[in-house]
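Taking it in order: structure first as structure tokens, then the write-up.
Just so it is clear, none of the values below were taken in a lab; they were calculated from the coordinates. The model shown is predicted, which means the values in this text are computed figures rather than measured ones. Note that each Cβ is placed from the backbone with ideal geometry, even for glycine, and that neighbours are counted across all protein chains shown.
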Amino acid sequence: MEAEKKYEDYHFVDTTKPVWNYSRFEGDDIANFQNGTNYRCDELFGSHVMEVLGTTGYYFAVWAPNATFVSVFGNFNEWNKESHPLFVRLDNSGIWEGFIPNLPQGSSYKYHIHGYAGQKLDKGDPYANYWEVRPNTASRTWQLEYEWQDAEWMEKRKEHNKLDAPWSVYEVHLASWMRPDKNNEEVYHSYDFFRDKLVNYVKELGFTHVELMPIMEHPFDGSWGYQGAGYFAPTSRYGTPQEFMKLVEAFHNEGIGVVLDWVPSHFPYDAHGLFMFDGTHTYEYADMRKGYHPDWNSYIFNYKRGEVKSFLISSAMHWFRKYHIDGIRVDAVSSMLKLNYSRTAGQWEPNEFGGDGNLEAIAFIKDLNETIFRDFPDVQTIAEEATDWPGVSKPTFGDGLGFGMKWMMGWMHDTLKYFKQDPLYRQFQQDQFTFSMMYYYDENFMLPLSHDEVVHGKSPMLYKMPGDEWQKFANLRLMYSYMFTHPGGKLLFMGNEFGATSEWNYKSELQWELLQFDSHNGVLECVKTLANLLKSEPALYENQFNKFGFEWVDLNRGAESVMVYRRKGKKPEDDILVVLNMTPVVRRDWKLHVQGKQNWTELFNSNDQKFWGTGDVFNPEVGVRVVDGQAGWYELNLHLPPLAAVLLK
């Protein structure tokens with residue numbers, strides 16, 4: 001398009017009128033945007049194909065309340081920053097909009113903004129559906145039309161995503177799951193590749209859900225996606241938005257739900273991003289005691305500003321509406337809730353009641369969850385929240401934050417601390433093992449062994465385990481058995497399922513070569529068996545978030561470090577008895593008293609040869625002696641393999 005065309009050639013109408021003939025805003029759209037209650041901003045802002053006076057082109061709308069001039073420039077006008085201005089609405093909304101005819105899909109563009117105090121800024125579109133491949137930073141015009149082929153999943157997904165359904169989540173960082181060249185961090189596989197390889201792999205493992213570390217567009221690989229610039233766009237590193245839709249669809253058609261990491265807590269200071277968008281603190285707090293993240297050198301959203309709330313909640317809703325996702329895991333919730341998060345005295349200011357809670361962030365989180373569950377009652381929201389903040393996964397009408405689940409960070413820390421102990425000393429650390437059930441019913445917990453536990457010098461899971469090589473693998477299988485039989489959802493980071501021997505490196509790929517060894521294949525087979533047991537045994541999930549699903553059976557053998565509990569479903573005949581031998585000592589003819597059931601069979605043994613166990617200590621038959629027939633007490637006679645879990649049904 002020639003830069004010298006006159007503005008009237010673009011069919012602009014009288015700008016003194018309150019509604020222009022091409023504007024997408026109508027009714028209460030502006031008022032709701034300003035009040036923080038417009039949850040469809042993605043359909044109003046950004047770039048959208050439109051026909052004006054018989055000519056097809058793209059309509060643009062951007063919020064820049066402190067700008068004095070805004071234009072669209074890109075590869076369609078040889079990056080001329082002055083030739084295609086937008087016009088500010090005359091309703092004091094700070095919204096600039098306009099129409100450019102004959103603009104094709106895929107055009108690269110940015111906004112050129114004359115901002116506060118004469119600053120001139122070039123910004124990507126906060127509402128863009130698609131971006132250039134990094135290191136390029138322009139947005140791209142794109143439509144999201146797609147003919148979905150996952151109707152069966154969408155119709156029945158409430159059964160998969162409800163709280164009394166099995167939840168086992170495989171956490172994935174797409175770029176480093178597998179690479180075309182593991183030594184070249186600059187190349188990636190495509191969404192289409194993952195649609196084949198990753199979907200089949202997760203299906204084979206038996207996980208019920210996959211969780212993708214942030215795929216929203218982000219400028220720096222080293223942030224792992226947690227410092228984003230495109231809150232409405234899947235990263236172009238792997239392909240187009242439609243190709244990402246196909247990936248989600250493929251998971252659904254194999255019976256696997258898709259959870260996305262979502263980061264409403266902070267954003268980076270990249271020049272093309274949200275920071276100082278129109279020369280002032282538009283999206284972030286102006287007071288750096290609230291607006292700056294000292295841990296991540298990033299900036300915190302201003303949750304008090306209605307336009308920012310509308311932006312963020314619209315982002316979350318966008319992924320549910322346009323991409324059929326089954327849940328979001330909200331990152332760094334603790335940092336949002338606490339004004340003094342990572343701050344010392346004098347670096348933060350108490351709220352109006354003298355407390356340390358960010359009242360605006362709390363209100364935002366409640367609105368977020370209420371809106372999601374109102375419009376999508378068949379999905380889940382999951383909080384990564386590491387403090388003792390009360391009611392994170394309780395309903396907002398009960399003064400909770402309204403999340404469906406919360407990561408159980410205390411369980412993760414206590415479990416890893418316990419398993420790191422030499423088995424000789426575990427008898428003195430039994431409280432670390434049992435403590436989780438003291439507070440378990442406070443929340444709907446998900447048990448995470450996530451990416452955070454295998455980076456920054458923390459060592460891979462396998463090398464957290466004590467002992468020689470055999471004991472390390474046995475301990476790892478034992479810990480996973482404990483995880484899959486403990487109440488709550490489960491989350492396992494990629495590579496943990498086969499016992500990676502190095503920390504996760506986002507620049508490389510998983511150590512797939514380890515699967516040539518029986519020891520690593522054994523861990524993989526153990527995880528697969530546990531994941532499928534979780535799906536097939538109602539006792540492991542039906543009551544996973546209430547007191548009816550768990551019972552300690554024997555905690556009196558601390559000196560031998562043998563612990564026993566029962567998992568209970570809705571039918572007594574579904575009960576499963578879990579016996580954990582936490583030492584490398586074989587215990588034959590182990591006596592155990594149980595009530596209510598006389599006949600038991602071994603369902604699972606983590607010492608099985610196919611898991612790279614010894615396979616020589618098992619229970620082909622479980623001896624039972626009646627202790628008190630009237631009261632229903634029985635004595636079981638068991639053989640307990642070393643460092644192993646035995647499940648009886």
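Axis of helix 469-485 versus longest Cα principal axis of the chain: the two differ by about 70°, to the nearest ten degrees.
Placing unit charges on each Cβ (+1 for Lys and Arg, -1 for Asp and Glu) gives the chain a dipole about its Cα centre, and among 225, 395, 600 the Cα reaching farthest toward its positive end belongs to 600. Shape annotation for the chain: C-alpha extents along the principal axes are 94, 55, 45 Å, from largest to smallest. Helical content of the chain, expressed as a calculated mean residue ellipticity at 222 nm, amounts to -7000 deg cm²/dmol (DSSP H runs of 4 or more residues, -39,500 (n - 2.57) each, divided by residue number, nearest 500). Rounded to the nearest 20, the size of the Cβ-charge dipole of region 547-648 about its Cα centre is 280 debye, with Lys and Arg at +1 and Asp and Glu at -1. Computed from backbone phi with θ = phi - 60° and the Karplus coefficients 6.51, -1.76 and 1.60, the 3J(HN,Hα) list for region 138-152 is 7, 7, 9, 5, 7, 9, 10, 4, 7, 9, 5, 10, 10, 4, 5 Hz; x is used for glycine and proline. Computed from backbone phi, the HN-Hα couplings of region 432-447 come to 5, 6, 8, 5, 4, 6, 6, 10, 4, 7, 5, 9, 8, 9, 10, 8 Hz, rounded to whole numbers (Karplus: 6.51 cos²θ - 1.76 cosθ + 1.60, θ = phi - 60°; Gly and Pro given as x). Here the Karplus relation 6.51 cos²θ - 1.76 cosθ + 1.60, evaluated at θ = phi - 60°, turns the backbone of region 619-624 into coupling constants of 10, x, 9, 9, x, 10 Hz, with x for every Gly and Pro. Close amide H pairs (under 5 Å, H built 1.01 Å from N) link residue 293 with 298, 299, 300, residues at least 5 positions away or on another chain. Remark on region 393-457: hydrodynamic radius 13.5 angstrom, per the Kirkwood mean of 1/r across alpha carbon pairs. Only beta bridges with both residues in the chain are counted; by DSSP, about 70 percent of them are antiparallel.
What's the angle, to the nearest 10 degrees (0 to 90), between helix 306-323's Cα axis and the longest principal axis of the chain? Roughly 60 degrees between the two axes. Simple rule: put +1 on each Lys or Arg Cβ and -1 on each Asp or Glu Cβ in the chain, find the dipole, and look at 506, 544, 296; the Cα lying farthest toward the positive end is 544.
Under a 5 Å amide H cut-off, with hydrogens placed 1.01 Å from N, residue 142 pairs with 106, 129 among residues at least 5 apart or on other chains. Against the compact-protein benchmark of 2.2 N^0.38 Å, the Cα-based radius of gyration of region 377-532 scales to 1.11. The Rg/Rh ratio of region 576-649, with Rg taken over Cα atoms and Rh as the Kirkwood radius over Cα pairs, comes to 1.00. The alpha-carbon atoms of region 477-517 define a convex hull whose volume equals 81 cubic angstrom per residue. The angle between the Cα long axis of helix 409-420 and the longest principal axis of the Cα atoms of the chain comes to about 40 degrees, rounded to the nearest 10. Can you give the relative contact order of region 547-648 as a percent, counting alpha carbon pairs under 8 Å and 6+ residues apart? With pairs under 8 Å counted, the relative contact order is 31 percent. Each Lys and Arg contributes +1 and each Asp and Glu -1, all at the Cβ; summed about the Cα centre of region 151-540, the dipole is approximately 300 debye. Selection among 90, 631, 612 by position relative to the dipole of the chain gives 631 as farthest towards the positive end (Cβ unit charges, Cα centre).
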